[in-house]
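Readers should treat all values here as calculations from the given coordinates under stated rules, not as data from a laboratory. No experiment lies behind these values; they were computed from the predicted model shown. Don't worry about glycine lacking a Cβ; one is built from the backbone with ideal geometry, like all the others, and counts go over all protein chains shown.
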Amino acid sequence: AQSVTQLGSHVSVSEGALVLLRCNYSSSVPPYLFWYVQYPNQGLQLLLKYTTGATLVKGINGFEAEFKKSETSFHLTKPSAHMSDAAEYFCAVNRLGNYGQNFVFGPGTRLSVLP
Amino acid sequence: KAGVTQTPRYLIKTRGQQVTLSCSPISGHRSVSWYQQTPGQGLQFLFEYFSETQRNKGNFPGRFSGRQFSNSRSEMNVSTLELGDSALYLCASSQGLAGVQTQYFGPGTRLLVL
C-alpha cells in the first residue's frame, strides 16, 4: 500500500524567508506526485505535479519541488515566503490502478507566515 | 472553462437523516472523485465514478453511496447520518482517460450533523 508522510503539521516562517515543506512517500511502483494548497473555506488547488521527466518541477506562485527517488521524497520549496502563502499544503501520491485512479493524501502541513 | 462546482456549500442535518450532495465537473471531464476531509482523519477517498460507473471505492461504510449521470454530474448520498459524518466533502474531477490524471477540486460542501 502506498502512503504519504509530511513532517511537521505546522510550519512557521518569516516573510521573505525560505519555505521548505517536507513530503516522503512509500510506493511499490513509480509514483506520480502532487502538491496541493488549501486556503480557508476553499477546495484544493494544484500547485505542481511530477509524473515523468525532469525531477525538478516548477509550479505556480513561485513554488517548486524536487523528486528524489533514492530518498523517496518530494519536498516543496519557495525561496521567499509571502503573507499570501499562509495556507494548508497537501502532498499526494497517485498510482494508476487496474481501474481508475487512487489518490492518497498526506496529513497536511499548515504554513504560517509571520510579518 | 468553469471550475468544479458543488452544491450546497453548507448544510446542517440531524442524526438519522440522510443527505445528498451534488458535484458538477469541469466541462469535458468524465471522472468524478469524492473525498471526506476532517481534522482528525485528514483527506480520505470515498469513491470515484467514470462514465456512470463506480471505478474505485475507499473504506467507508455502505451508508455512503454515489452515482454519476450521463452528463458526468455526480451526487453523493449519506444515509442515517452520524455525528462523525460532520466534515468537508470535496469533489474532484479529471478527464478520466488513460494515464495519471490531475484532479481539480471544487470548493466543498461543509456538512454539520447535530
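What the table shows:
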{"quantity": "Rg ratio (alpha-carbon, reference 2.2 N^0.38 Å) - the range B:14-103", "calculated": "1.07"}
{"quantity": "Estimated dipole of the protein assembly as shown in Debye, rounded to 20 [Cβ of Lys and Arg +1, of Asp and Glu -1, Cα centre]", "calculated": "360"}
{"quantity": "Karplus (6.51, -1.76, 1.60) ³J(HN,Hα), θ = phi - 60°, over the range B:48-61, in Hz, Gly and Pro reported as x", "calculated": "10, 10, 9, 6, 6, 10, 6, 9, 8, 9, x, 9, 10, x"}
{"quantity": "The range B:15-114: GluC sites (Glu not before Pro) in DSSP loop, at most 13 other beta carbons within 10 Å", "calculated": "B:GLU52, B:GLU82"}
{"quantity": "Ranked A:VAL13, B:VAL78, B:VAL32, criterion: other C-beta atoms within 10 Å, fewest first", "calculated": "A:VAL13, B:VAL78, B:VAL32"}
{"quantity": "R0 of 22 Å, Cβ-Cβ distance A:SER70-A:SER9: FRET efficiency to nearest 0.05", "calculated": "0.25"}
{"quantity": "With 10 Å bins from 0: P(r) over the protein assembly as shown, alpha-carbon pairs, percent", "calculated": "8, 33, 35, 20, 4, 0"}
{"quantity": "Zero-based 5 Å bins, Cα pair distances in chain A, whole percents", "calculated": "2, 12, 23, 25, 19, 11, 5, 2, 1, 0"}
{"quantity": "Positive-pole candidate from A:PRO107, B:SER86, A:GLN42, dipole of the protein assembly as shown, charges at beta carbon", "calculated": "B:SER86"}
{"quantity": "Net charge dipole size for chain A [Lys, Arg +1 and Asp, Glu -1 on Cβ; Debye, nearest 20]", "calculated": "260"}
{"quantity": "Debye log10 I(q)/I(0) at q = 0.16, 0.20, 0.21 Å⁻¹ for the range A:1-51, Cα point scatterers", "calculated": "-0.64, -0.94, -1.01"}
{"quantity": "17 Å Cα cut-off, lysine pairs counted over the protein assembly as shown (separation 8 or more, or different chains)", "calculated": "6"}
{"quantity": "Selection from A:SER27, B:PHE47, A:LEU56 lying farthest towards where the dipole of the protein assembly as shown points positive, charges on Cβ", "calculated": "B:PHE47"}
{"quantity": "Electrostatic dipole magnitude of chain B [Cβ: Lys, Arg +1; Asp, Glu -1; Cα centre; debye, to 20]", "calculated": "120"}
{"quantity": "Whole-Hz couplings from phi, Karplus 6.51/-1.76/1.60, listed for the range A:11-27; x for Gly and Pro", "calculated": "10, 10, 9, 7, 4, x, 7, 5, 9, 9, 10, 9, 9, 10, 10, 10, 7"}
{"quantity": "For the range B:1-48: Kirkwood Rh in Å [reciprocal of mean 1/r, alpha carbons]", "calculated": "12.9"}
{"quantity": "In sequence order, calculated HN-Hα J values of the range A:31-46 (Karplus, 6.51, -1.76, 1.60; Hz; x Gly/Pro)", "calculated": "x, 10, 10, 9, 10, 10, 10, 10, 8, x, 6, 10, x, 8, 10, 5"}
{"quantity": "Listed residues B:GLN68, B:GLY28, B:VAL113: farthest to the positive end of the dipole of chain B (Cβ charges)", "calculated": "B:GLY28"}
